[in-house]
1. Taking R0 as 22 Å, what's the FRET efficiency between Thr9 and Asn40 from their Cβ-Cβ distance, rounded to 0.05?
2. Where the Cα atoms of the chain are projected onto their three principal axes, how long is each span, largest first, in whole Å?
3. Apply the Karplus curve 6.51 cos²θ - 1.76 cosθ + 1.60, θ = phi - 60°, to the phi angles in segment 44-56 and return the couplings in whole Hz, x for Gly and Pro.
4. Can you tell me which of 42-52, 13-23 comes out highest on packing, and rank the rest after it, using the mean Cβ neighbours within 10 Å?
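Read the figures in this text as sums done on the coordinates, not as results from a lab. Remember, it's a predicted structure, so these values are computed and weren't measured experimentally. Cβ placement follows ideal geometry from the backbone for every residue including glycine, while neighbour counts extend to all protein chains displayed.
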Amino acid sequence: MSEDPKAETFSVYEADEQGKPLKLERSFNTVAEVLAHCDNLDKPRVIRVGDKYFSVDGFMATHVSAG
């Protein structure tokens, strides 16, 4: 089986205080993996989805279902 070319990849970056991405930490295939990785909030992070960057709160608001 080949992978779905439309499948999203979520890349988590360490960020500066203004939310600018600095260093790639890891890429994930699921929202759950991103949330588990970002659970440790000892440093600011941003998540890249496609060509857009989200704060952790912004990512949760746009990619996590309230249900």
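1. On the way: r = 21 Å, r/R0 = 0.95.
E between Thr9 and Asn40, to the nearest 0.05, is 0.60.
2. Here the Cα extents, ordered largest to smallest, are 41, 29, 19 Å.
3. Residue by residue, segment 44-56 yields x, 9, 10, 10, 9, 10, x, 10, 10, 10, 10, 5, 4 Hz.
4. Details: 42-52: 14.5, 13-23: 12.4.
So the peptides 42-52, 13-23, ranked by packing, come out 42-52, 13-23.
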